1. Apply the Karplus parameterisation 6.51 cos²θ - 1.76 cosθ + 1.60, with θ equal to phi minus 60°, to every residue of segment 156-164 and state each ³J(HN,Hα) to the nearest whole Hz, in sequence, with x for glycine and proline.
2. Put 156, 120 in order of accessible area, largest first, 1.4 Å probe: what do you get?
3. Ranked by accessible surface with a 1.4 Å probe, highest first, in what order do 10, 145, 157 come?
4. Distances longer than 14 Å among the Cα atoms of segment 72-114: what percent of all pairs is that?
5. How many nm separate the modelled label positions at residue 140 and residue 13, each set 7 Å beyond the Cα in the direction of the Cβ?
6. When the accessible area of segment 124-167 is computed with all protein chains present and a 1.4 Å probe, what percentage of it is carbon and sulfur?
7. Between residue 152 and residue 1, what length comes free when the chain is fully extended (0.36 nm per residue of separation minus the Cα-Cα distance, one decimal in nm)?
8. Going by amide H atoms built from the backbone, whose H comes under 5 Å of the H on residue 77, apart from near neighbours?
Amino acid sequence: MRRIALFLLSTLSTLVLLFGYSTSTSGPLATSAPTSIQSEPVTSSSGSTSGSTSGSTSSGGTSSGSGSGSGSGSSGSSEVTGSVANTQWGPVQVQLTVAGGAISKVTVLQHPSANGKDQEINDYALPILTKETVDAQSAQIDMVSGATVTSNGYLESLQSALDQANL
């Protein structure tokens with residue numbers, strides 16, 4: 001009788017633990033994803049924000065990795081597009097806006113977005129990566145946990161853009 005009671009209690013404990021386990025997909029639902037992620041512009045000491053007036057677009061995975069290098073008027077800023085980093089989940093491509101020898105804005109032109117999980121991961125990771133890049137002014141930034149593949153592709157394209165911008 002004692003063995004039966006012990007067996008029932010252990011079975012009941014196992015079921016409680018099993019049904020009480022929260023999986024990693026039980027977090028908040030992702031919202032609609034923008035097609036490109038941009039960092040906030042950096043404000044210069046004169047109080048004006050530096051931005052760009054010219055843009056470049058890329059389509060598909062056949063984009064070239066050449067920098068645009070075109071200026072955008074009297075602000076002295078230029079845009080440099082990094083090479084496309086092909087990851088196992090899709091291409092990643094970064095564009096930098098450089099003003100006064102400093103990174104003022106980072107735009108992610110391409111990122112994996114084939115399914116909802118990709119979108120959820122990148123909605124979380126890309127704003128962190130772009131902010132870290134503007135703050136660090138280099139490619140010496142931390143990767144985002146849970147977005148290792150995207151982080152690696154981002155860093156590869158970022159380094160390409162930094163090399164082209166001579167930063």
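The values are calculated or read from the model by the stated rules, or taken from the named source; none is laboratory data. What you are looking at is a predicted structure, and each value in this text was computed from that prediction instead of being measured. Cβ sites come from the backbone with ideal geometry, for glycine too, and all protein chains shown count toward neighbours. What goes into the accessible areas is simple: the full protein's heavy atoms, side chains included, and nothing from ligands, DNA or RNA. Shrake-Rupley method; radii C 1.70, N 1.55, O 1.52, S 1.80 Å.
1. Computed from phi, the couplings for segment 156-164 are 5, 5, 4, 4, 4, 5, 5, 4, 5 Hz.
2. Largest accessible area first, the list is 156, 120.
3. Greatest to least solvent exposure: 145, 10, 157.
4. 51 percent
5. About 5.1 nm separates the two model spin labels.
6. Working: 1030 of 2160 Å².
Here carbon and sulfur together make up 48 percent of the probe-accessible area.
7. On the way: separation 151, 0.36 × 151 = 54.36 nm, distance 5.93 nm.
Result: 48.4 nm gained on full extension.
8. Answer set, sorted by chain and number: 72.
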